[in-house]
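All of the numbers you see were taken from the coordinates with simple rules; none came from a lab. Keep in mind it's a predicted model, so treat the numbers as computed, not measured. Don't worry about glycine lacking a Cβ; one is built from the backbone with ideal geometry, like all the others, and counts go over all protein chains shown.
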């Protein structure tokens, strides 16, 4: 039965349990479902979220378009570069943050062009007014899945360490731009 899973089940289970016990990991369970604020999950989204949190099978094993075998726990599609839902989650978070700034009457743009000559630096947004020390806030949203293959080893040691390492890489990426922008990232 354990052969149905892509990673040894006990390892995935321990990383999932460690993440579920981390501070603030259950905060979403106490959030009021206010759709105007983007805080509403439909029944299917809640079912999937709870199944992922509890480690329940959410589907059948199948082959992903990227060629990887997806186990019934359904973690691979949350981090697969060939899955459109990964990009949709990122865009949804970026839209949510941008909308909050606009509602608070803070002029901002999404995906500003030409901030850097280095085209690898494409932040998700920028305020059009100074925020701190005369610098605009530049934001870059990162969606990291705890049980993504690239994070499992790190997260087995400490909850969130994989996301923290990815965050540190992103901070380093923008370090040379710090003189003219205040970099802020959500994770």
Could you rank the peptides 11-21, 50-60 by their average count of other C-beta atoms within 10 Å per residue, with the highest value first?
11-21, 50-60
Once the Cα atoms of helix 9-20 and of the chain are each reduced to a long axis, what angle between those two axes, in degrees from 0 to 90 to the nearest 10, is obtained?
40
Of all DSSP beta bridges with both partners in the chain, the antiparallel percent, nearest 5, is 55
With no solvent and one equal point scatterer placed on each C-alpha of the chain, evaluate the Debye formula and give log10 I(q)/I(0) for q = 0.17 Å⁻¹, two decimals.
-1.24
How tilted is helix 161-173 with respect to the longest principal axis of the chain? Cα atoms for both, answer in degrees (0 to 90, nearest 10).
30
Rounded to the nearest 10, the angle in degrees between the Cα long axis of helix 43-54 and the longest principal axis of the Cα atoms of the chain comes to 70
Could you please rank 82, 110, placing first whichever residue has the fewest other Cβ atoms within 10 Å of its Cβ?
82, 110
Here the alpha-carbon Rg of the stretch 45-103 over 2.2 N^0.38 Å rounds to 1.37
How large is the convex hull of the C-alpha atoms of the stretch 18-71 per residue, in Å³?
127
Order these by the 10 Å Cβ neighbour count, fewest first: 35, 153.
35, 153
